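**Q** Take this structure, written in structure tokens, and hold onto it; I'll ask about it next.
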């Protein structure tokens, strides 16, 4: 019997008006020129399993790499918040024990000094205007909400969020095959990765336009 490989993929729905409406909205955001007063900000989240070593690792030598026992002890979970400005080549990583509405709202207030934030994110139930009213008095919450312009990626369209791509890069370059023993270690390592990436100023040259989507992804559009 021949074994066939399986690739897990985000398969978008065909002929779905809501999908293409959200897709074109996000693509339009990416086509806007850079404006420091109106930053285009992408954000995404990722859970992380914290793991403790059960045996002390053996340090690396000239002849052998560092050796770590395959057994581990679960030490809880944490959540990474990734924020990135694709055009400026900037990203910020935060780690929190949870990813509630309160956590998200507090992270978003880091950008309160901008005249307006053009935000691209998924439609998770914590990414709402109401989240700010669970943290701040109504007058303060309203001021923050008025500075955020929401643009939600469609369901099954996470590829449209640049922050997800940054999370993928960070996972490969910083977290893969490593045990984060506690949240403080997670914060140090992810912050160091973000700082190093920012020093390189790796921006995102997003070239896929609305016109490209209408041509190459025509199966997603309803028949009229």
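FYI, it's all coordinate maths here, none of it is from the lab. Values in this document were obtained by computation on a predicted structure and should not be read as measured data. Here the Cβ positions follow ideal geometry from the backbone for every residue, glycine too, while neighbour counts run over all protein chains shown.
**Q** Could you check which residue among 64, 127, 156 shows the biggest mean-square fluctuation in a GNM of the chain with a 10 Å Cα cutoff?
**A** 64
**Q** With a 10 Å cut-off between alpha carbons and a GNM built on the chain, which of 86, 59, 138 moves the most?
**A** 59
**Q** Given the rule -39500 (n - 2.57) for each run of at least 4 DSSP H residues, summed and divided by the residues of the chain, what is its mean residue ellipticity at 222 nm, to the nearest 500 deg cm²/dmol?
**A** Numbers: 7 runs with 68 residues, N = 224.
Rounded to the nearest 500, it is -9000 deg cm²/dmol.
**Q** Given a 10 angstrom Cα cut-off, can you work out which residue in 162, 48, 68 is the most mobile in a GNM of the chain?
**A** 68
**Q** Once you have the Cα-Cα distance between residue 53 and residue 198, take 0.36 nm times their residue separation minus that, and quote the gain in nm to one decimal.
**A** Difference between extended and current length: 49.1 nm.
**Q** Output the 0 to 90 degree angle, nearest 10, between the alpha-carbon long axis of helix 183-200 and the longest principal axis computed from the alpha carbons of the chain.
**A** Roughly 60 degrees, rounded to the nearest 10.
**Q** Can you compute the radius of gyration and Dmax for the chain, using only the Cα atoms, both in Å?
**A** 20.3, 67
**Q** With each pseudo-label sitting 7 Å past Cα toward Cβ, what's the residue 113-residue 73 distance in nm, one decimal?
**A** It is 4.3 nm.
**Q** How large, in Å, is the range 149-202 by the Kirkwood hydrodynamic radius built from its alpha-carbon pairs?
**A** Working: mean 1/r = 0.0777 Å⁻¹.
Hydrodynamic radius (Kirkwood, Cα pairs) of the range 149-202 is 12.9 Å.
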